[in-house]
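Notes for the one structure printed next.
The values are calculated or read from the model by the stated rules, or taken from the named source; none is laboratory data. It should be emphasised that the depicted structure is a prediction, and the values quoted were computed from it without experimental measurement. Heads up, the Cβs are rebuilt from the backbone with ideal geometry, glycines too, and the neighbour counts pull from every protein chain shown.
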Amino acid sequence: MPDTHIPSKKSLKKIHPTWTKFLLPGAVLIFLITGILLFYGLSWKNPRDYIPSKTITYLQVPSLNNLYDKLFNLEAADLALAGSSMAPLRTTINELRELNFSQDFFLSLFLDVKCDIILTNQGIPLVIMDLGGKSLLTRGYALLSQLTHLQPLIPLFNENTTLYELKTQGELNFYFYFLDNLVFITTDLPTLKSQALRTVTQEETVKYFTPQILDNLELPSESLKTLVQTQELLQEWVGKSPMLNKFLSPMDRHEESLVQLTLENRRVHMDFTMKVPTLFSVPAQKQNIWSRLPENTTYAYVSSARTIEESPPEGFQKYIYPWSGIELGIFGLETDPDPIFFIEIKDLPKLKSVLKNMAKDTPPKNPGLGQLQLPNDLTATLSLWNFPGNAPYYVMDELFLYLSPQIDPLHHLQDKTTLRLVDTPEFQVLQGNNPLIASFSSYYNLDRVTPFFLESKNLLTSVLRLYGQGLVLASPLNDQEIISLSAIKGRPALIRAVPNFPKSVGGKLISPVYTHTFPSDTFPKLIYLRNDGELQIMNPLNGDTITSPQDPETTIIPGGNLDGLFLSLGNGKISLINSVGDQIKPFPLQTPINFSFPPFIFNNQVVLVPRDSSTLGRIDHTGLISFIPLSAQVLTPPQTRFSLWGYLTKGSTPQILITDLRGTPQVGWPQPAPPDTISPPVFFKMGANPAVASISQKGELALWDMTGERRLDKPVIFSGEFSREPKVLRLLDGTEVLLLLNDEGLLRIFDPHTGKSEKETTLQGVSSKTLLTISDVNRDGKEEIFLYGESPFILGLDDNLAPLPEFPLRGHTQPQFTDLDKDGFIEMVTVGLDNKIYAYTLRF
């Protein structure tokens, strides 16, 4: 019989495991998770859709951690932010550096996500981050913060949208807006409202980016990505090349290019993706010339552009063979200034016939060499490559014909014992994993030559000048051009960081770092003030530091060969301390002078310039105070030279006053200053005699001899605004010229003997706050020029206004030059924007 037993409820519990009671909650949980993920997927926003249609700068970085740890601790990155247009972005990054995101759980969510950093056309920084799955946490935080006012973000209610404010201890506050998976961060609330809350369409974005660039922006990468204007970049790069300029003319002026940047201290690598329809449209091929270039090659340009085939220059095709796909170009050697032009041999019998017809009558001294007499049309073609002359020497090997205006470079080329460029360690680092396969390529060594594409005054040029050698490879891909550029610091450093520098000082510096050698010391010490009121005296060799508490208004009075170091304590009080920070009697002293300008050292005495008086004060190291009466109140600190003092005086019409050291006006003085003059006069030598120069804010230069007679027949007026006095530059022959820098960055050398500007250059990152100092740091009789104050870098120039080797260097305050370790080499000491002390040994 069948079993008809009916199980009891108790036995049913044994049949069905206890986990069955979790089925319903599990199903509900799965439903909720699916709903959340579905909601997240449907509401996902693409950060590319919110990029403004026009920007000054666009950067995509892998993460803020990457930005802090890898990029913006490097010299090249700081230099990239040094331009005046980058000032808002630089300020924002400096403020972000002060925030320790990792110590706050919520802010730490932003550290490791890809973000777009934008400088809008209005100069406002805007950061757009894609938080991905982390946005589930930020949405919950946003809701919770409105109920509880959680720190660090403070809700700001804007109609139907909630914005958030993050207050900092610095100059800027940050504003946040959360939109699904995106977060928008900026320092300007109206910008946040206008950009984050606007509605955009894919069509608007595509107008700004090409589809290929959009695809590349979406790809994961550890490199920084940025956008540049294609034509502006290439026009600057090829401005000296008539041939390449010819091919750029049909380009779309508004085409965007994408740059992917990998930045290291020794090496920088960039990949440019740009649409160049005619420039390098021949398929990439292996370039054989590289295996033939000697080690001492200073530059090389190698091309096989199909454009020349489509519109061949008159000359080579007529005389030699069809143009298609040949390899040609030009290079130079370190030992010879004359260029060598080369062209691939395709039809050797025809080439030999042509050479025979063009050969000059004089037989060559070397049977392996010959000389040609070129027809005019062939000479014109070679001139496109900046190749001079019409009677070059030539030599051949199995693959190439070489031409040079002189015979010596070809002798070096024939030397088979010479190491080849591709075999040097520096070139192999440059080449990396990139095979020498391209449509166009070039190599340069900045220690020996400036290639035409680095002669422009753009930001990229400034960054590349931090590196010594570079390699460029260009090839087409999907109707676009991929240009790969690598640069390295390949030669032994002429400037080296002093061991154990940079140094952190455990607080924020409120003064430059000064050097001072006390009588009890063999080596100079570093002196600086922190914002907690402590003066520190550091031994730079071992880092030992003595701390001396000071009043909040204390400033350092640098200079002098004294028993101690003078300090200004404010309100007319002067102090003198020894090497351990103790007061030297009878100091501190209260003086009756309420000085308006920082005191300075002259003849080992402190000079005090009053605010509302026409009497100067002087204090020596014994505490003796003396007074110097003047005939007028001064508008600027005095300038001194030739045992004379020069001032700009107050009054309805400012005047230039020249006195002796006792304050007695010289014969012929004062003289009216040019209108709008705000800077003091300077002394210089005109021939063997002293002279005086002054420049007005509007650029009018005035020169006088010591009798007060004008030395220029007519006014000399320079363009731009001038916020600083002229500087005197001594040349190698002892001649003194004037260095004039306007607020727009135009620096010129003016020769007062001829009344003409001799040289000029335009500098990046210069403003009215930029300062100049001049010093013969390598003691070779030629003075060097240093600019500092506005940029995170110190610029260095020689007396021809050419960049000094390996400059610019990180630093923000006035550089101090001294031999820290008494090894015969001068060190440069300065403070960076990151509040660290930097010291470099200069060996150039």
message = Being among the small types (Gly, Ala, Ser), within 30 Å of Pro586 (Cα to Cα) and in contact with an Asp or Glu (Cβ under 9 Å, 6 or more places away or on another chain) is true for just one of Gly560, Gly533. Which residue is that?
response = Gly533
note = Filtering the range 501-539 for residues that are at pLDDT 90 or above and loosely packed, with under 15 Cβ neighbours inside 10 Å leaves a count of 0
remark   = Contact list, first residue from the range 433-451 and among the small types (Gly, Ala, Ser) and part of a strand (DSSP E or B), second anywhere and surrounded by 15 or more Cβ atoms within 10 Å (Cβ to Cβ) and at pLDDT 85 or above, beta-carbon distance below 6 Å, six or more apart or interchain, is Ser441/Val302; Ser442/Tyr301
inquiry  = If the requirement is being at pLDDT 85 or above and surrounded by fewer than 18 Cβ atoms within 10 Å (Cβ to Cβ), which of these qualifies: Phe587, Phe627?
reply    = Phe627
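Give the residue, chosen from Val777, Val716, that is over 21 Å from Phe793 (Cβ atoms) and among the aliphatic types (A, V, I, L, M).
On the way: Val777 fails: over 21 Å from Phe793 (Cβ atoms).
It is Val716.
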message = Would you confirm, using the coordinates I've provided, whether Gly623 is outside the structural domain of Pro592 (by TED's automatic domain parsing), closer than 21 Å to Phe595 by Cβ and not hydroxyl-bearing (Ser, Thr, Tyr)?
response = no
request  = Could you run through the range 807-844 and say how many residues are aromatic (Phe, Trp, Tyr), in contact with a Gly (Cβ under 6 Å, 6 or more places away or on another chain) and within 18 Å of Tyr514 (Cβ to Cβ)?
outcome  = 1
query = Only one residue in Ser723, Ser757 is within 20 Å of Ala693 (Cβ to Cβ), small (Gly, Ala, Ser) and under 26 Å from the mean Cα position of the chain (by Cα). Which one?
reply = Ser723
remark   = Restricting attention to the range 648-685, the residues that are part of a strand (DSSP E or B), over 14 Å from Gly708 (Cα atoms) and free of Cβ contacts under 8 Å to residues at least 40 places away in the same chain number exactly 2
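Surrounded by 14 or more Cβ atoms within 10 Å (Cβ to Cβ), in contact with a Gly (Cβ under 9 Å, 6 or more places away or on another chain) and under 30 Å from Ala702 (Cα atoms), is that true of Pro610? Working first, answer last.
Working: surrounded by 14 or more Cβ atoms within 10 Å (Cβ to Cβ): yes; in contact with a Gly (Cβ under 9 Å, 6 or more places away or on another chain): yes; under 30 Å from Ala702 (Cα atoms): yes.
For Pro610, the condition - surrounded by 14 or more Cβ atoms within 10 Å (Cβ to Cβ), in contact with a Gly (Cβ under 9 Å, 6 or more places away or on another chain) and under 30 Å from Ala702 (Cα atoms) - is met.
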request  = Kindly indicate the residue of the range 686-735 that is part of a strand (DSSP E or B) and touching a residue at least 60 places away in the same chain (Cβ under 8 Å) and also nearest to Asp780 (Cα to Cα) among those meeting that condition.
outcome  = Leu729
ask   = Of everything in the range 559-588 that's part of a loop (DSSP other than H, G, I, E, B) and among the small types (Gly, Ala, Ser), which residue is farthest from Thr517 (Cα to Cα)?
value = Gly572
